[in-house]
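The block underneath contains the structure these notes are about, expressed in structure tokens.
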Amino acid sequence: MLRLLSFSTRYPNPARPQYGNFVERQNVALAAREGVEVEVLAPVLLPPFPLSLRHRGLRAVPACEERGGLQVHHPRTAYIPGAPRFTPTLLARALLPAVRWIHRRFPFELIHAEWFWPEAPVARRLARALGIPFTAKARGRDIETFGLQPALRRAMAEVGGEARALLAISASLRDSMVGIGLPRERILIHEPGLDRDLFRPLDREAARAALGAETPLLLAVGNLAPGKGQDLAIETLARIGRGTLLLAGSGPETPRLAALAARLRVSGAVRFLGSVAHPLLPRLYNAADVLLHLSSQEGAGNVRLEALACGTPVVTTAVGDAESVIGQAQGSGRIVPPNPEAAAAAVREILSAPPLPEAVRRATARFSWECNAAKLEDILRAAAAAGSVA
């Protein structure tokens, strides 16, 4: 039996039901495998009083809940906004009593950090205290953004000497991990999963008709946050000169993006959909003629995989696993420089000769949550096999 404590500060809860939902999906698939038991440590991070009063929803999250058949623990921990270098120390001190209690009731033999920052340095301290091994996974922003800060980079590099396994969700992210001082020879590629039953080709005409929008339909899915590329998507629409852009997501960039659409005189053609529940995304993907994914950073593009699995071609920047997914699957999309002229030209090419949905879907043939869970089980069993640590 492999007993695992999955540790993630980004995990769904009643206040944020879609926050890190792909981590939850991975854990559910892993726990479904014979001989594997998983519990989840998903702390609620709150700023000091009185700032914490602004987070009423988070404060109401239960200390423990069952989600997807798994026990999910939500101990409260404090963090200092704007001072991330202190976060691992604060989290480790706050979480250790809860982790000891969980371990007495559920004697897990391994802690798996689902993100490299701040989880990996915290997992290192917790695992040391319990005398058990830990593993750590990098997913993108945790390395490519936080790794730019020297103090955080040093803290993450120290993890490499003690973790039983280091995981990256794409080859390009592995390169970024090496760039902050982690040993390449110890980094394993663990590609994302995909719900192939949920994300599949549907009746595209019916999906488009339900939206009642002018075609062609362009779609961008993701948080409206710096670096996600929705500004480039709006500029791309303006250069095409017709159609509709659907922005599925919410975030701090909303006012700036609305102002950009107004300045470019495409406000009427840009729809801000807000956060869209995961089960509703397949109809959006199927309605779209093209997915625009023009991010400046990406560990692995779950959104790209979902769109492709629905048969929707993708125009994307060369971030994350773009080359391994789209570059090797002719007709599934285009990889472009991060500028609206190139993106608009690629969209026009696709619209002039739309690929068949089933041909686009074939680009995702190797991705599923079953494959993801099987590979992860192999990695974690090997990491746990050496037993306790000194």
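The values are calculated or read from the model by the stated rules, or taken from the named source; none is laboratory data. Everything quoted here is computed from the prediction, not taken from an experiment. Positions of Cβ are generated from backbone atoms using ideal geometry, with glycine treated the same way; all protein chains shown enter the neighbour counts. Calculation scope for accessible area: heavy atoms of the full protein, side chains included, ligands and nucleic acids excluded. Shrake-Rupley method; radii C 1.70, N 1.55, O 1.52, S 1.80 Å.
Against the numbered list (1) open to solvent by 40 Å² or more (accessible area, probe 1.4 Å); (2) within 18 Å of the chain's Cα centre (by Cα); (3) free of Cβ contacts under 8 Å to residues at least 60 places away in the same chain; (4) farther than 23 Å from ALA206 by Cα, SER296 comes up short only at (3).
Could you say whether any residue in region 22-31 is buried (at least 17 other Cβ atoms within 10 Å of the Cβ), over 17 Å from ARG3 (Cβ atoms) and at pLDDT below 95? There is at least one residue in region 22-31 that is buried (at least 17 other Cβ atoms within 10 Å of the Cβ), over 17 Å from ARG3 (Cβ atoms) and at pLDDT below 95.
With respect to being in a helix (DSSP H, G or I), in contact with a helix residue (DSSP H, G or I) (Cβ under 6 Å, 6 or more places away or on another chain) and touching a residue at least 60 places away in the same chain (Cβ under 8 Å), ALA155 fits the description. Counting only strands (runs of 3 or more DSSP E) that fall entirely inside region 53-94 and contain at least 2 residues that are of a type in the set (A, V, I, L, M, F, W, C) and open to solvent by less than 50 Å² (accessible area, probe 1.4 Å), the qualifying elements are 70-73.
Restricted to region 249-293, and to residues there that are in contact (Cβ under 8 Å) with a residue 60 or more places away in the chain and among the hydrophobic types (A, V, I, L, M, F, W, C), the residue that is nearest to GLY212 (Cα to Cα) is ALA287.
Within region 338-373, the set of residues being open to solvent by 30 Å² or more (accessible area, probe 1.4 Å), of a type outside the set (Ser, Thr, Tyr) and either free of Cβ contacts under 8 Å to residues at least 12 places away in the same chain or under 30 Å from GLN26 (Cα atoms) (or both) comprises ALA345, ALA353, LEU356, PRO357, GLU358, ALA359, ARG361, ARG362, ALA365, ARG366, GLU370, CYS371.
Pairs linking a residue in region 122-147 that is in a helix (DSSP H, G or I) to a residue that is of a type in the set (Phe, Trp, Tyr), with Cβ atoms under 6 Å and 6 or more positions apart or on different chains, are ALA123/PHE7; ALA123/PHE134; ALA127/PHE134; ASP142/TRP115; ASP142/PHE116; ASP142/TRP117; ILE143/PHE116; PHE146/TRP117.
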